[in-house]
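Here the structure is laid out as structure tokens; the discussion comes afterwards.
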Amino acid sequence: MCVQSDNRAVTALFRVFGGSGGICVAEACRHTEFRGMHAGELLLLAVWFPLAVYVAMVEWLSRHVALAAGLLLAIPACFITLSFLPYVLGARTPANQWRMWLGVGLAWALFHWNAGGVAGFFAWGWIALCGLNLVAFILLVFGRSLARVGTPGVIWRFLVLLEFHLFAIAAGWWWGWSWAVAGGAVIAAVFCWVVLRPGNQWLGQVTCRTGDRSIRLTIDDGPDPHDTPVLLDLLDRHRIKAVFFMIGWKVAAHPELVREVLRRGHEIGNHTMNHPQASFWCAGPWRTRREILECQEVIDKVAGVKPRWFRAPVGHRNLFTHPIAGMLGLKVMAWNRRGFDTLGSDPDKALSRILPKLGPGDIVLVHEGTPVATEVLSGVLEGIDRLRLGLDDIIP
Ligand SMILES: [Zn+2]
């Protein structure tokens with residue numbers, strides 16, 4: 001059964017919470033426009049709707065005719081209603097039928113919410129279903145709004161944050177200020193969860209895997225006069241291309257290294273102007289824009305290329321990163337394999353965090369400018385060689 005639907009609200013809800021895992025809200029909404037209904041939604045349409053209509057019919061007929069008649073007549077009545085009513089009312093597409101049944105069901109449920117028994121159960125089911133649709137609709141609008149870039153996107157995110165705080169204040173006003181404090185704590189916890197986790201997709205799309213069988217090597221925090229030439233030779237020896245996420249001020253200090261990286265066929269990504277790793281997660285829109293834009297401009301000036309990838313310092317994006325990066329034509333990239341090579345002086349320890357699970361589709365993060373940069377990259381390259389991937393696969 002293939003049902004095309006533009007009932008994107010509920011489908012989006014299923015996609016976000018229905019096990020697709022890690023898909024961002026905006027992406028979910030985009031996908032659902034093309035992929036039709038989710039299996040859970042189909043199940044609701046196929047089971048709940050006929051059952052609920054049947055119970056409504058039995059309830060109505062047994063009250064106005066007789067219980068036996070109700071039980072008998074409800075099946076054909078249900079069939080006729082389900083089959084023809086949508087067409088009589090002009091709801092010919094599955095989505096319009098869905099909306100129609102929701103409306104009819106809600107109208108019926110509002111008269112039966114305190115009926116008790118089976119009818120009451122189904123009435124509450126309808127009300128819950130409509131509530132679910134409302135939540136999904138809000139989510140859909142929210143998801144769409146997250147896809148906005150530039151100033152409208154920044155203003156919208158600011159308003160959403162303000163709105164959440166107003167909800168917390170309203171809760172405090174009505175139920176006591178401890179509720180406002182609890183609300184504020186929840187907002188802060190969710191905010192930290194979202195911005196401090198590099199792969200979190202709630203604020204916008206973050207690329208954490210290559211999407212195919214290739215492995216993408218990403219080298220952060222350069223260029224470095226000591227490491228970059230050595231790493232380039234290592235990469236050449238293994239015939240592997242990487243993405244160098246460079247810091248703007250280092251680009252300005254070592255322009256010849258930037259051009260050499262490009263000359264050897266690697267790609268350059270934007271890693272902010274100053275790498276403010278302790279404070280980028282809570283930076284405002286102006287500072288975020290300045291950090292990303294200045295880095296973009298200095299790379300363009302020095303090397304004549306505009307990066308297409310952005311990576312936040314230590315992966316900590318802030319509320320405004322996505323609309324600003326999007327405005328500058330940048331996509332946000334994180335990683336799914338890293339060895340915390342900036343924390344220690346033991347390359348084996350870093351490699352033990354990367355290599356055992358390394359496989360096709362991975363995006364690996366290593367750093368330059370650390371005491372272990374050469375050993376770590378060398379180990380990762382040997383690991384990739386051992387995986388016997390076709391060399392063409394490795395090119396980003
Ligand atoms: Zn970095």
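Bear in mind these aren't lab numbers, they're just calculated from the coordinates by the rules spelled out. Everything numeric here is computed off the predicted structure, so don't read it as measured data. Positions of Cβ are backbone-derived with ideal geometry, glycine not excepted, and every protein chain shown enters the neighbour counts.
Restricting the count to DSSP beta bridges whose residues both fall in the range 206-394, what percent are antiparallel, rounded to a multiple of 5? The partial results should precede the final answer.
On the way: 1 of 22 bridges.
Bridges in the range 206-394 that DSSP calls antiparallel: roughly 5 percent.
Compute the length gained on full extension between Leu132 and Val186: take 0.36 nm times their separation in residues and subtract their Cα-Cα distance, giving the result in nm to one decimal.
Details: separation 54, 0.36 × 54 = 19.44 nm, distance 2.20 nm.
Stretched out fully, the Leu132 to Val186 stretch lengthens by 17.2 nm.
Mind listing the long-range amide H neighbours of Ile268? Cut-off is under 5 Å, sequence gap 5 or more, other chains count too, H placed in the peptide plane at 1.01 Å from N.
Amide H to amide H, under 5 Å and 5 or more residues apart or across chains, Ile268 pairs with Phe244.
Given R₀ = 25 Å, what would the calculated FRET efficiency be for Leu72 paired with Ala107, taking r from the Cβ atoms and rounding to 0.05? Write down the numbers at each step before the final one.
Working: r = 25 Å, r/R0 = 1.01.
E(calc), rounded to 0.05, equals 0.50.
Can you run phi through the Karplus equation (6.51, -1.76, 1.60; θ = phi - 60°) for the range 330-341 and list ³J(HN,Hα) in whole Hz, with x for Gly and Pro?
9, 9, 8, 10, 10, 6, 10, 9, 8, x, 6, 6
Cβ neighbours within 10 Å, averaged per peptide: list 177-185, 219-227, 207-215 in order, most packed at the top. Mind showing how you got there, number by number?
Values: 177-185: 14.6, 219-227: 22.0, 207-215: 16.4.
Ranking, from highest mean packing down: 219-227, 207-215, 177-185.
What ratio of Cα Rg to 2.2 N^0.38 Å holds for the range 206-394?
Numbers: Rg = 15.6 Å, N = 189, 2.2 N^0.38 = 16.1 Å.
Taking N as the residue count of the range 206-394, the ratio is 0.97.
Through the Karplus equation 6.51 cos²θ - 1.76 cosθ + 1.60, θ set to phi - 60°, convert the phi angles of the range 343-358 into ³J(HN,Hα) values in whole Hz; use x for Gly and Pro.
For the range 343-358, the Karplus-derived couplings read 8, x, 10, 10, x, 5, 5, 4, 5, 5, 7, 9, 5, x, 9, 4 Hz, x marking Gly and Pro.
In whole angstrom, note down how far apart the Cα centers of the range 187-233 and the range 315-336 are.
If you average the Cα positions of each part, the centres end up 10 Å apart.
Amide H of Lys331 versus every other amide H placed in the peptide plane: which residues, excluding those fewer than 5 positions away on the same chain, fall under 5 Å?
Long-range HN contacts for Lys331: Trp309, Phe310.
For a quick protection proxy, order the peptides 325-336, 190-201, 363-374 by their average other-Cβ count within 10 Å, most packed first.
Numbers: 325-336: 20.1, 190-201: 16.0, 363-374: 21.8.
For the peptides 325-336, 190-201, 363-374, the packing ranking is 363-374, 325-336, 190-201.
Taking 7 Å along the Cα-to-C-beta vector as the label spot, tell me the Trp177-Ser352 distance in nanometres, rounded to one decimal.
For Trp177 paired with Ser352, the spin-label model returns 5.2 nm.
Treat every Asp and Glu Cβ in the range 302-385 as -1 and every Lys and Arg Cβ as +1, leave all other atoms uncharged, and give the resulting dipole magnitude about the Cα centre to the nearest 20 debye.
On the way: 10 positive and 8 negative charges, 121 e Å.
Dipole size: approximately 580 debye.
Ranking request for peptides 127-135, 313-321: highest mean number of other beta-carbon atoms within 10 Å first, then the rest in descending order. Mind dumping the intermediate values first?
Numbers: 127-135: 14.7, 313-321: 22.4.
Going by the mean number of other Cβ atoms within 10 Å, highest first, we get 313-321, 127-135.
Quick one: 3J(HN,Hα) in Hz for the range 177-192, Karplus 6.51/-1.76/1.60 with θ = phi - 60°, rounded, Gly and Pro as x.
6, 5, 5, 5, 5, 4, x, x, 5, 5, 4, 4, 5, 5, 4, 5
Where the Cα atoms of the range 148-196 are projected onto their three principal axes, how long is each span, largest first, in whole Å?
That gives 38, 22, 8 Å along the principal axes, largest extent first.
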